[in-house]
Every structure is written in C-alpha cells, then in structure tokens.
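Engineer: Structure below; questions to follow.
The values are calculated or read from the model by the stated rules, or taken from the named source; none is laboratory data. None of the values given here were measured: they were computed from a predicted structure. Quick reminder, even Gly has a Cβ in these numbers, built from the backbone with ideal geometry, and neighbours come from all protein chains shown. Just the protein is used for accessible areas: all its heavy atoms, side chains included, with ligands, DNA and RNA removed. Shrake-Rupley method; radii C 1.70, N 1.55, O 1.52, S 1.80 Å.
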Amino acid sequence: MLAHAATSQRVAIDDAWDLSRVHAEETGDGIRLTFPHDAIITRSIHLPMRADTLIVDAIAEGSSTDAMFLWHSTKLPEGTFVQLPFSISRTGSSTIIPLGMFSQWDSTSNAIGLAFPQGSVVRVRSVTFEGRGFFERVWTMARSFWTFDEFKASSVNFLWGPILTLSPLHRAHLFENTPPIGWSAHRILLPLFCLSALIITAVLLCLGRQWKSALYLGVGYSAACIWLILDLRMGIEILSYAAHDWTTYVRRPLAERQLRGSQDFYALLALSAPHIKGKERIGYIGPRGVSVGEHLTYFAYPAQVSTVLPPPPDIDTWLVFHRPDATVDENGLFSIGGDTALMQGTVLTRTSRGSFVFRRTL
Amino acid sequence: MTPLLALLLGFAIPALGAGIALRLLEGRSAVLTVLERFLLSLTLGPTLGMFVVFLVHSLTQAPLHARLFLEVLLGIDLALLIVYIMRRRTFLPPLVAAAPRVQIPRAALVLLVTLSLWTLIKIAVAGTTFLLLVPTYASDALDNWNLRGKVFYEDQALTLILPGQTAEAAKSGVSSYPPTVPLFKTYLATLHGDWHEALVNAPHAVWFLLLLSLLFALLLRLTGWPFALLGIVILVGLPLELMHGTTNYADVFVSLHLLAAVGLLLLTMRSDKHQRAGLLRVAGLSAAALAWTKNESVLLYLPIFAALWMLCLYFFHVPSRRIPLRASAGALLLVTCVLLPWLIFKWSHGLTFGNAKPLSSLAFAWQPGVLSAIAINLFFEGNWLMLPVFFPILLLMCHRKVLSGTLIIPTGFVLAVSAGHMVLYLFTPLSAEALMQTGFGRGLIHIAPIVVLVTTALLPGFLREARRD
C-alpha cells in the first residue's frame, strides 16, 4: 500500500509545453510523443508547495528509454538547467524520482523540461509533483529507518543497513534499487554520537566531574546507546529474513515452496529429486538467455546437466523451469512454442504452468 | 546412522585425538582449562583430522568412504591414547590460574542477561532457519564448499575438476583452496550414508558456536565472566558476523582458527615461565591447523602470526629463552608438517594461490574508487554497527594499556592484517573485491573476533576510568 502524499500537483502534457520539435499525438491513454531528433520539451511552472518527489507516469513504446528531467532554478542564470537522468520502462510502471534527495533540486524552480534521445516514442499520461510537510517527512524518515531489506545473494557480502528517505512512495520500494536511493542512517548517527558525547561530557564537567571521567562517560554512554539502537534494528532485520523463509518456504507444502525470490525453482528441485536420483545425465530447459546456474549443477550432481536440443538419445529426464511456451499434449508430445514435437513422454510432477519434470519415453 | 548421530560422532572422533594431543603438548602440567581444551579439541581435531585423511588418500588413493575416514581418525585416536597412557604417570597438578572474580551491579546484570537472551534468540532463529531448514542458497557454498564436498562424496576421491570446468580453469579455481571444509562434509555424509543437506550444513553452526565459546573462554581468563558474556553479545551483534555464522560460508571457520592461534599466543605472553612452553606448543598446533583453512591463511595470516611470535620472544625479555625457543622450533615443525605436503600437492597439480584468482596475475598499481568503497562498507552500511568508529576511539583512549601490555599482540595482528588487506585492495586488481563489496567484508569477518576480543578486554579499564572521580 502506498502512503498518500500531503499535497500534489499534477502537470498534464498540454499546450503549456513547447512541443515544437516533437510529434505529439493524443491517444485515449496519454500523449504519444515521437522524437525524430534529440529534443527537450519544456514549460514554465510554479509549484505551490515544497515538492520532494516527481512521478512520471509514462510507457516507452519499443524498448526502455533513457530520459532526462530538467529544471531551471531561480538561483541560476537564465537558460541554465540542471538535469537528472531517469528511465522510462516499457512495462508502464511509474518512475518515481526522489527529488528531495538531490541538493540541487529547488522547489521554487520556474521551468521544467523532459529530454529524450532521437528515436524515442513515449506515451506520457502525467507528470506529478508531490510534497510533504515537515512532520510527515520526519515521520517517513523514522519509518524508513525501520524498513527492512530481504535476504539476497549479496547479504553474505554486505547489508545496506538502515536507509532514510523522505518520500512514502519511495519507502515502499526502498531496497528495490541498487544502491537504495536514500541516505544511510549512519550519516545522522555518526554526528549524533559526537554531539551527544560532547554534551554529556560538558554536563558532567559542569557538575564537577574530573575531565577524564566525564569524557569517558560521555563517549561510553553515547556509544552504548547508539550500539543498542543499531543492534535492535539489524537484529530484527535478520530475524525478519528468517520469518520470511518460514512463511514462504518452511511452512509451505513442497510444491508451493519459494525461496528468496527464486519463485518455484527450489520446489521444482525438491519434487524432481527422486526422479533425478541414479541418473547419469538429465536435461534442463529454462528461461531464454539464462544459464543453467550453480543451483542446479549442485543439486543434480552426480547427474550432469545438459541443455542441448534436440534432446540427446541418452537423456530421459527433463527439468523444465519457467517456460510457459513448453507444452505437453494429450498424446505426451513435448514441444516448445508450438513447434515440432521434440520428444514424447509424461509429466511426472509440476509446480506451475511452465515448470515441471518430464520423463521421456526412450 | 541418523544425521544428528553422524554430526555428533563426526566431531567427537577427531576431537578425541586432538584433546589427547593438546594434553600431551601442554607438558607435564596442564596449562589449559578443561573448557579451553574441550573447545580447542573440537576446533583443531576435525581440521587436522581431515589433513591426515587428505595425506593418506593422496598417498594411497584409497577411496573416500566411511571406512577410510574412520580407520584414519580412530587410528590417530588410538595411537595418541597409547602415548597418553604411557605419559600419564609423569603428569603434575595443573598450572591454570583462576578466572578473575568480578562483581557487577544489579542493573548491569539485568541488562547483560537481557542482551544475552536477545543474542540467543538471534543465533537460534537465524541459525536453525538458514542452516537447517532451507536448502543451500549462498553462491560460494553452491560452487565451492558444498559442491566440492558432494563431488568428493560421489566420486569417493579428491576430484579437482568440478562439473562444468575445464582442467585448466580448475587449477586457478576453487580447487586451489585447502579441501578441509568440503572434506569434512564428505566425511559426515559417509557416516550418515547419504548426502543430507541439513547434516552437511550443520558444521557451520557448530563452528560458529565454537567461535563464540572460545571467545568466551579467552575473555574469561582476561576479564571474568560478565565481560566474557558481553564479548559474545558484541560479536553476535555485528550483523555481517551473524549472517556468516548462520550461513554455510567458510569465513567463520577461518576466524575460529585465527582466534585460537592469536588467543593462545596472547595467553602465552600473559602466563608465567612455567606455563609458557606448554602454551607455545599448543599455539603451534593451532598455527598448523590455520595453514589448512584457506589460501589467505598461508599468504597473509601465518606470516604475520610468525612475525608477531618472534617479536613476542624478543620483546618480553624471557629470562631463559631456551624453553620458548625449543617450543617455537616445535611449533615451526608442526606448521611445516602441514604446510609442506599441502604446498607439494598444489605444486604437483598446478594449483594456484590467491582468492580463487591466481596471485601471479596481480599487477601492482593504484586502484581508483577503492578508498570510498571501503569507507562506505565500514561506516555507511549495516555490516559492523559502528564498531569501526568505536574501536579506534577505544584504542586511542586506552592506548597506554594497549601499548604497555600483552593486548599489543592481538591489536598488532589486527592492524597488520588490516594494512595487508588495504595494500591488496588499493594496489592490485583484487580491488574488485572492495569495489563490488564482495571479498572485503569477508576478510574482515576473519579478524572480527580478535577485534571484539581486544575491545572487550579494554572495557574494564575504560569503565574504571569512567567511574574514577
């Protein structure tokens, strides 16, 4: 669930924009902009509030498009724009730009622009500025401190730790970017440690304590407090990894298990285990452009994994993973993409439409 | 045999031999506490036991199944037991000093107990879930530690060319690492009779618990039980340490052996002259086991450890250097007995050194961007809480105690290793390990327990200064 912004201003793509260098076409679902050359569309603007987030609701037709958001701050000379790169995807999901994270952003800017490279075709529904009041921003920052990441393959190498952001929209997708767009909370905790150590030391000196004792107490109390807060924060995050594993894997039936973003891969492996045992070679058909991977190599061993098609004559057991185009008809004929049947046999077990174990009749 | 029984016997059999060997090395008077000897047996026994199995298998090509493992390990146990029985009559009363008695205020006790319970919850929940209830997930386990163990188990041999590898690629890949951890997994699987995921991953939980217990035992001698418990709380509190302790990577395994070796050297220098020789010999056995953990141990940790050893002998003005020199010669012999066969094996099979990258290919030049990557890892991520800030401050505020006492040994080790890491990351293509935030953090895992040992050992003095008025 995304939190609602305190205030927002929606900016439609209309006559207020300078569209002279692009081809604009009204569709039922936004304005289709075609860019025969590298071009910028600009307009003047006056934001009634302090904006910290820009949401560009647009779809790139064809492939994803790199674009630029530009703004002219009133503090800069005329004609000088600051530019910020972003991407528009072909899937239609909105691009959220956390303007508040950039020191150059100025809510009093009087002109904005969007720049696209030659050949881009984008359908823009809206451009919306959002802003939050002071207390909402502080509350969002506090909540983002307690927003946890998930157990990833990189978690044994490093952990992002508490990340701060001002935007509720951004907090909802905090760890989906690499690196997360936000500040490390340590940027606040480190100065806080120094400040609190100084304050405690000063207070104790005023109370007549010896300087060395006061300093040691100041440093000790500050360090201990910050350590306890961070230990609690990171400890709960790691426990949340375990809780997630329990709900998505441990407590699920075998065929429904999912492990850390691998979807039903581990469920397929578990169900295929009795059918792989004792085999010298097995076949694997997986997503296009994705190699077999260390997971299957490890779990299948000593069976060697082959991805060769047409199927070699000595392989009778095939793992198919995330191939909705792989089908087995009522006669047991296995084909991919509706092409000529590759082999004939039976489906031994299945975890989803495109993931199953196939036993070929040799 | 059930997985649990295989795990218990798997550790117990080599630990028995190690326990006897440790008692014999201590000399006529025991210089280790029962707890220390128990923990070191469980640490060194499996490691050195796997070394002997490796030797026997390499020389005889006997297949790696339960019979070979049991014959070798039980044979070692029996031989050592015979020597122990023959020497037992010469043993004198133990020379172990009692742990310092510490009184702590009630409020501090309540806080300590609360933190300890929190620590226990974290270890139990994360360790059980990540190691025992979900399948192997981490990359290095899938293509190194677990994969090699499974290949050894299925092939019943020390196969160097892994699935999907060419012979040439295998020489500079993960097969260049000592096979200790994979071989131990193979051993457990042979005892159980099948490759069982939870069984082969469980040793990582045992090694983590051993690491915490050994840290406790060392701090018990230095500071008493409250601070020893606090040391465990601090170490488990480090998020990346907890992640490594509860996943099937081998870096905690290395850190356990490092802590054993450096900790024993520290105890040696804190002991009186009657205990010194025995502790030195035990430290030598730990150093020998360290050589059999990872390539970094041979290339970086052992040389620094050896340099510290020699500095200790020189600076501590031992009235009679004869005993420590003899014990040092014995330690060198033990290390050589492990290192030499392993180096011969690597040379004869064309295996390289380096962290799965051959060292010979490393050019020496400044690597841009590494300093900021390291700063981000240390100060602006969630890996170490704020220990990289607090530790230098603590060293500075307690510098007199560090420089004038025996804590200079583990502190010097940490600083030397850190300097070594920095040189590698700042001046060689290993900088990718820092830039990509991969191997850098894992290198710090190796020395984190020693950092916590020093931190905790300095705390009593710090608190005394704080309370002085």
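Engineer: Between B:Leu9 and B:Ala363, 0.36 nm times their residue separation minus their Cα-Cα distance comes to what?
Structural biologist: On the way: separation 354, 0.36 × 354 = 127.44 nm, distance 4.67 nm.
Here the segment from B:Leu9 to B:Ala363 would lengthen by 122.8 nm.
Engineer: Tell me which DSSP H helices of chain B clear both cut-offs, 30 Å or more of axial length from alpha-carbon atoms and a mean Kyte-Doolittle hydropathy of at least 0.5.
Structural biologist: For chain B, where a helix must reach 30 Å along its axis and average at least 0.5, the hits are B:3-26, B:34-60, B:66-87, B:106-127, B:197-223, B:322-348, B:439-467.
Engineer: Using a Förster radius of 30 Å, what is the FRET efficiency between A:Val290 and A:Leu84 based on their Cβ-Cβ separation? Nearest 0.05, please.
Structural biologist: Values: r = 33 Å, r/R0 = 1.09.
So, using R0 = 30 Å, E works out to roughly 0.40.
Engineer: Now for a separate question. Quick check: net charge around B:Phe440, other residues with Cβ under 14 Å of its Cβ, Lys/Arg +1 and Asp/Glu -1?
Structural biologist: Working: positive: B:Arg442; negative: B:Asp251, B:Glu296, B:Glu381, B:Glu433.
Neighbour charge sum, excluding B:Phe440 itself: -3.
Engineer: Give me a single rounded figure for B:151-159: the average over its residues of other chain Cβ atoms within 10 Å of their Cβ. Each step should come with its number before you reach the end.
Structural biologist: Numbers: counts 3, 0, 2, 3, 2, 0, 0, 0, 0.
Shielding by partners across B:151-159 averages 1.
Engineer: With 5 Å bins from zero, work out the P(r) of the stretch A:1-112 over every alpha carbon pair and list the percent per bin.
Structural biologist: Taking all Cα pairs of the stretch A:1-112, the binned fractions are 2, 10, 19, 24, 22, 15, 7, 1, 0 percent.
Engineer: Considering the Cα positions of chain A, please state its Rg to one decimal place and its Dmax as a whole number of Å.
Structural biologist: 28.2, 93
Engineer: I would also like to ask the following. List the relative contact order of chain B as a percent without decimals, with contacts defined as Cα pairs under 8 Å and 6+ residues apart.
Structural biologist: Numbers: 629 pairs, mean separation 87.1, N = 469.
Reported relative contact order: 19 percent.
Engineer: Roll a 1.4 Å probe over the protein heavy atoms and report the accessible area of A:Met141 in Å², nearest 10.
Structural biologist: Solvent-accessible area, nearest 10 Å²: 50 Å².
Engineer: Short version: which residues of the stretch A:268-308 lose at least 50 Å² of accessible area, all chains versus chain alone, 1.4 Å probe?
Structural biologist: Residues losing area: A:Glu294, A:Tyr298, A:Phe299, A:Tyr301.
Engineer: Let me have the 222 nm mean residue ellipticity of the protein assembly as shown computed from DSSP H runs of 4+ only, each contributing -39500 (n - 2.57), with the sum over all residues rounded to the nearest 500.
Structural biologist: Numbers: 26 runs with 423 residues, N = 831.
Value at 222 nm, helices only, nearest 500: -17000 deg cm²/dmol.
Engineer: Counting pairwise Cα distances across the stretch B:243-303, what percent come out greater than 17 angstrom?
Structural biologist: Values: 798 of 1830 pairs.
Of all Cα-Cα pairs in the stretch B:243-303, 44 percent lie more than 17 Å apart.
Engineer: Solvent-accessible area of B:Met436, probe 1.4 Å, all protein chains present, reported in Å² to the nearest ten, please.
Structural biologist: Number for this one is 130 Å².
Engineer: Chain A: longest stretch without exposed GluC sites (Glu not before Pro) (DSSP loop, at most 15 other Cβ within 10 Å), sites themselves excluded? Before the final figure, lay out the partial values.
Structural biologist: Details: sites that count: A:Glu61, A:Glu78, A:Glu150, A:Glu280, A:Glu330.
Looking at chain A, A:151-279 is the longest stretch - no exposed GluC sites (Glu not before Pro) with at most 15 other Cβ atoms within 10 Å.
Engineer: Excluding residues fewer than 8 places away in the same chain, name every one of the aspartates and glutamates whose C-alpha is closer than 12 Å to that of B:Lys150.
Structural biologist: Partners within reach: B:Asp194, B:Glu197.
Engineer: Just want to confirm a number: the relative contact order over the stretch A:191-289, from Cα pairs under 8 angstrom separated by 6+ residues, in percent. Mind showing how you got there, number by number?
Structural biologist: On the way: 58 pairs, mean separation 14.5, N = 99.
Here the relative contact order equals 15 percent.
Engineer: For the protein assembly as shown, build the charge dipole from Cβ charges (+1 Lys, Arg; -1 Asp, Glu) around the Cα centre, then report which of A:Pro312, A:Trp139, B:Tyr249 sits farthest towards its positive end.
Structural biologist: B:Tyr249
Engineer: Here is a further query. Divide the volume of the convex hull of the Cα atoms of the stretch A:123-214 by its number of residues and quote the answer in cubic angstrom per residue.
Structural biologist: Details: hull volume 13.7 nm³, N = 92.
Once divided by residue count, the hull of the stretch A:123-214 is 149 Å³.
Engineer: Another question about this same structure. Which value, in nm² and rounded to one decimal, describes the direction-averaged projected area of the C-alpha convex hull of the stretch B:160-220? Don't jump to the answer; show the numbers that get you there.
Structural biologist: Details: hull surface 23.1 nm².
With the hull built on Cα positions only, its mean projection is 5.8 nm².
Engineer: Using the scaling law 2.2 N^0.38 Å as the reference, what is the normalised Cα Rg of the stretch A:52-105? Mind showing how you got there, number by number?
Structural biologist: On the way: Rg = 12.8 Å, N = 54, 2.2 N^0.38 = 10.0 Å.
That works out to 1.28 for the stretch A:52-105.
Engineer: Taking the Cβ-Cβ separation of B:Thr114 and B:Arg468 as r and a Förster radius of 35 Å, what is the calculated FRET efficiency to the nearest 0.05? Spell out each step's value before the answer.
Structural biologist: Details: r = 27 Å, r/R0 = 0.78.
E(calc), rounded to 0.05, equals 0.80.
Engineer: Would you please name the trypsin sites (Lys or Arg not before Pro) within the stretch B:91-169 that are DSSP coil residues with at most 10 other C-beta atoms within 10 Å of their C-beta? The partial results should precede the final answer.
Structural biologist: On the way: sites: B:Arg101, B:Arg106, B:Lys122, B:Arg148, B:Lys150; in loops: B:Arg101.
Listed in order of number, the matching sites are B:Arg101.
Engineer: Let me ask another. Translational D (Stokes-Einstein, µm²/s) of the protein assembly as shown at 10 °C and 1.306 mPa s when Rh comes from the Kirkwood sum over C-alpha pairs? Mind showing how you got there, number by number?
Structural biologist: Numbers: Rh = 30.3 Å.
Roughly 52 µm²/s, to the nearest whole number.
Engineer: On to the next question. Note down the nm distance, to one decimal, between modelled labels 7 Å out along Cα→Cβ at B:Leu132 and at B:Leu299.
Structural biologist: 3.7 nm
Engineer: Accessible area per residue of chain B at 1.4 Å probe, in Å²? Don't skip to the answer; put the middle values down first.
Structural biologist: Numbers: 18090 Å² over 469 residues.
That works out to 39 Å² per residue.
Engineer: Enter the Cα centre distance for the pair the stretch B:453-468 and the stretch B:175-204, rounded to the nearest angstrom.
Structural biologist: Cα centroid to Cα centroid, the span is 41 Å.
Engineer: Something else: If I fit a long axis through the Cα atoms of helix A:186-206 and take the longest principal axis of the Cα atoms of chain A, what angle between them do I get, 0 to 90°, rounded to 10?
Structural biologist: Compared with the principal axis, the helix lies near 40 degrees.
Engineer: Bin all alpha-carbon pair distances of the stretch B:330-446 at 5 Å intervals from 0 and give each bin's fraction as a whole percent.
Structural biologist: 2, 9, 14, 16, 16, 16, 12, 10, 4, 1, 0
Engineer: Also, I was wondering about something else. Where does the stretch B:19-126 land on the Kirkwood hydrodynamic radius, alpha-carbon pairs, in angstrom?
Structural biologist: Mean inverse Cα-Cα distance, inverted, gives 17.7 Å.
Engineer: Can you list the chymotrypsin sites (Phe, Trp or Tyr not before Pro) in the stretch B:31-96 that are in a DSSP coil and have 15 or fewer other beta carbons within 10 angstrom? Numbers along the way, then the final one.
Structural biologist: Values: sites: B:Phe38, B:Phe51, B:Phe54, B:Phe69, B:Tyr84, B:Phe91; in loops: B:Phe91.
Qualifying residues, ordered by number: B:Phe91.
Engineer: Oh, and also: Can you list, largest first and rounded to whole Å, the semi-axes you get for the stretch B:117-156 by taking the square root of 5 times each eigenvalue of its Cα gyration tensor?
Structural biologist: Numbers: eigenvalues 159, 18, 12 Å².
After scaling each eigenvalue by five and taking roots: 28, 10, 8 Å.
Engineer: When only the heavy atoms of the protein chains count and the probe is 1.4 Å, how do B:Leu332, B:Leu378, B:Leu35 rank by accessible area, highest first?
Structural biologist: Working: B:Leu332 115, B:Leu378 40, B:Leu35 75 Å².
Accessible-area ranking of B:Leu332, B:Leu378, B:Leu35, largest first: B:Leu332, B:Leu35, B:Leu378.
Engineer: Give the ranking of B:Leu238, B:Leu115 by solvent-accessible surface, highest area first, calculated with a 1.4 Å probe.
Structural biologist: Working: B:Leu238 0, B:Leu115 25 Å².
From most accessible down to least: B:Leu115, B:Leu238.
Engineer: Could you state the number of Å between the C-alpha centres of the stretch A:52-79 and the stretch A:205-272?
Structural biologist: 37 Å
Engineer: Which one, A:Val250, A:Ala58, B:Asn201, is farthest towards the positive end of the dipole of the protein assembly as shown when Lys and Arg carry +1 and Asp and Glu -1 on their Cβ?
Structural biologist: The listed residue farthest towards the positive side: B:Asn201.
Engineer: So for A:Arg359, B:Arg468, what's the accessible-area order with a 1.4 Å probe, most first? Present the calculation step by step, with values, prior to reporting the outcome.
Structural biologist: On the way: A:Arg359 65, B:Arg468 130 Å².
Per-residue accessible area, sorted high to low, gives B:Arg468, A:Arg359.
Engineer: Probe 1.4 Å, all protein chains in place: accessible area of A:Trp160 in Å², nearest 10?
Structural biologist: Here the accessible area works out near 40 Å².
Engineer: In percent, how large is the relative contact order of the stretch A:11-119, given Cα pairs closer than 8 Å and 6 or more residues apart? Walk me through the numbers on the way to the answer.
Structural biologist: Numbers: 214 pairs, mean separation 38.4, N = 109.
Here the relative contact order equals 35 percent.
Engineer: Determine the distance separating the Cα centre of the stretch A:291-323 from the Cα centre of the stretch A:102-164; give it in Å without decimals.
Structural biologist: Taking the Cα centre of each part, the stretch A:291-323 and the stretch A:102-164 sit 42 Å apart.
Engineer: So, one more: Greater than 31 Å separation of Cα atoms is the criterion. Which listed pairs, A:Lys152/B:Lys294; A:Lys212/B:Lys273; A:Lys279/B:Lys185; A:Lys277/B:Lys346; B:Lys122/B:Lys346, meet it?
Structural biologist: Values: A:Lys152/B:Lys294 25 Å; A:Lys212/B:Lys273 36 Å; A:Lys279/B:Lys185 23 Å; A:Lys277/B:Lys346 33 Å; B:Lys122/B:Lys346 40 Å.
Beyond 31 Å between Cα atoms: A:Lys212/B:Lys273; A:Lys277/B:Lys346; B:Lys122/B:Lys346.
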